[in-house]
1. Going by a ≥ b ≥ c, the root eigenvalues of the Cα gyration tensor, does the chain fall in the rounded group (a/c under 1.5), the prolate group (a/b larger than b/c) or the oblate group?
2. Expressed in nm to one decimal, what extension gain is obtained for the pair Glu166 and Glu3 from 0.36 nm per residue of sequence separation less their Cα-Cα distance?
3. Could you tally up the Lys pairs in the range 65-183 with alpha carbons closer than 24 Å? Skip any pair fewer than 8 positions apart unless they're on separate chains.
4. Restricting to Cα pairs below 8 Å that are 6+ residues apart, what does the relative contact order work out to for the range 37-131? Please round to a whole percent.
5. On a full-extension model of 0.36 nm per residue, what is the gain between Arg196 and Arg128, subtracting their alpha-carbon distance, rounded to one decimal in nm?
6. Provide the percentage of antiparallel DSSP beta bridges, counting only those with both residues in the chain; round to the nearest 5.
7. If a helix is a whole DSSP H run, which ones in the chain reach 18 Å or further along their own axis (Cα) and hold a mean Kyte-Doolittle hydropathy of at least -1.0?
8. By per-residue mean of other Cβ atoms within 10 Å, what is the highest-first order of 59-71, 171-183?
Amino acid sequence: MAEVTAVVKDRRSAMKFQPEVRISNEELDELFNLVKFAPSAFNLQHTRYLVVTDPELKEKVYEAANQQYKVKTASAVIVVLGDLDAYKQVGEINQGLLQLGVINKQEYDMTVESVLGFYEEGGDTFKREEAIRNSSLSAMLFMLVAKDKGWDTCPMIGFNPESLKEALQLPDRLVPTMLITLGKEDTSRQRPRGYRKPVAEFVSYNTL
Ligand SMILES: Cc1cc2nc3c(=O)[nH]c(=O)nc-3n(C[C@H](O)[C@H](O)[C@H](O)COP(=O)(O)O)c2cc1C
């Protein structure tokens, strides 16, 4: 528990990274092997991650991200995507539980039918909200896991979604939720932590 507290307190949005630092796919996989435990609605796992380490591609992301310098110096740029069609995999995702006998065929069929119905009735707005909601939770976990393994991150909304889509040839079903730059922070430019509201200003009990 104390470790979680330390990770939460130590995570900061990095301003600038040490440009020579590299991260291997194995190290990234280690992070994603923990990130996969993020919660998601109906366990649909709406999040897709596109990791950009290739310098040419990184340059394109830099342009799409309003030329934010930290994209240039990051060891990797993680594109967090939400899948609008995640619900269509409900059958596949629950197959294991059916085979293990945790749920019977009737329960399986009911789950598949109700989840498909829920998302189809919800329509495009709901599918988009779900894509962004679930991938945002996953992204937060990614940043905490990265910090725990000694990496710094910065979540970023400062990018043009259309330019990013074009540069990375993203299909329409994947909504870019945010970018996360990752690396080892160059702390020479670190500012003090930004103001935080006191708890009483953002928490109410029983009534707003
Ligand atoms: C959704 C989201 C988008 C953000 N976009 C950017 C961004 O484009 N560029 C940037 O430098 N920081 C960005 N930030 C970082 C915030 O400025 C930062 O989280 C906030 O100032 C609090 O600082 P801390 O994360 O160090 O505690 C973003 C944060 C979030 C959660």
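1. On the way: a/c = 1.79, a/b = 1.47, b/c = 1.22.
Prolate.
2. Additional length available on full extension: 54.6 nm.
3. Close lysine pairs found across the range 65-183: 10.
4. Working: 85 pairs, mean separation 29.8, N = 95.
The value is 31 percent.
5. Details: separation 68, 0.36 × 68 = 24.48 nm, distance 2.94 nm.
Length difference between fully extended and current span is 21.5 nm.
6. Values: 20 of 21 bridges.
Just about 95 percent of them are antiparallel.
7. Values: long enough: 105-148 (43 Å, -0.36).
Answer set is 105-148.
8. Details: 59-71: 18.1, 171-183: 20.8.
My ranking of the peptides, most packed first, is 171-183, 59-71.
No value in this document is a laboratory result; all are computed from the given coordinates. All of these numbers come straight from a predicted model, not from anything done at the bench. Here the Cβ is made from the backbone with ideal geometry for all residues, glycine too, and neighbour counts use every protein chain on show.
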